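Reading through the structure tokens given below for one structure.
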Amino acid sequence: MKSEELRIARTESQFRDVNERIAGTAERFGATQAELVCECSDPECGHRIEAPIADYERTRTDGAQFLVAPGHENPEHEVVARHRPGYRIVEKLKGIGAAARRLNPRSETT
């Protein structure tokens, strides 16, 4: 895997880790929506995404899927799996997808 691909996987996985804590807190308070951070590959990104917890949970069933703000998609490394109002669900391709799955905090191997 190229170092750029590993950087992308790590950046997006760090944003995902933040969202895991946000979603967990929202669920503990009985919320059905949460304001999550964009999980794109830009380490400087500060966009927020309002999303239903249920949609976030469905996305998290695959460690290679991430929520990103519209326009933050990276077609070189991912495909848009689903369009949602205010955000996109993208799936990482090839090596980045494999690395993202390994970095998944819900993975049975981590």
Review point. Could you say whether any residue in segment 11-31 is surrounded by 18 or more Cβ atoms within 10 Å (Cβ to Cβ), within 13 Å of the chain's Cα centre (by Cα), under 16 Å from PRO85 (Cβ atoms) and in contact (Cβ under 8 Å) with a residue 24 or more places away in the chain?
Key: no
**Study point:** Close pairs from segment 61-78: first farther than 13 Å from GLY97 by Cβ, partner open to solvent by less than 60 Å² (accessible area, probe 1.4 Å) and acidic (Asp, Glu), Cβ under 7 Å, at least 6 apart
**Key:** LEU67/GLU39; VAL68/GLU39
Practice item. Take the residues in segment 92-110 that are open to solvent by 50 Å² or more (accessible area, probe 1.4 Å) and farther than 11 Å from SER13 by Cβ, then tell me which one is modelled with the highest pLDDT. Key: LEU93
Study note, to complete from the structure: Reported set for segment 55-72 where residues are at pLDDT 95 or above and open to solvent by 10 Å² or more (accessible area, probe 1.4 Å) is PRO70, GLY71, HIS72
Check your understanding: Conditions: (1) in contact with an Asp or Glu (Cβ under 6 Å, 6 or more places away or on another chain); (2) crowded, with 18+ Cβ neighbours inside 10 Å. ILE89 meets all but one. Number of the miss?
Key -> (1)
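The values are calculated or read from the model by the stated rules, or taken from the named source; none is laboratory data. All of these numbers come straight from a predicted model, not from anything done at the bench. As a convention, Cβ positions derive from the backbone with ideal geometry for all residues, glycine included, and neighbour counts pool all protein chains shown. Each accessible area value is taken on the protein alone, full model and side chains, heavy atoms only, with ligands, DNA and RNA left out. Shrake-Rupley method; radii C 1.70, N 1.55, O 1.52, S 1.80 Å.
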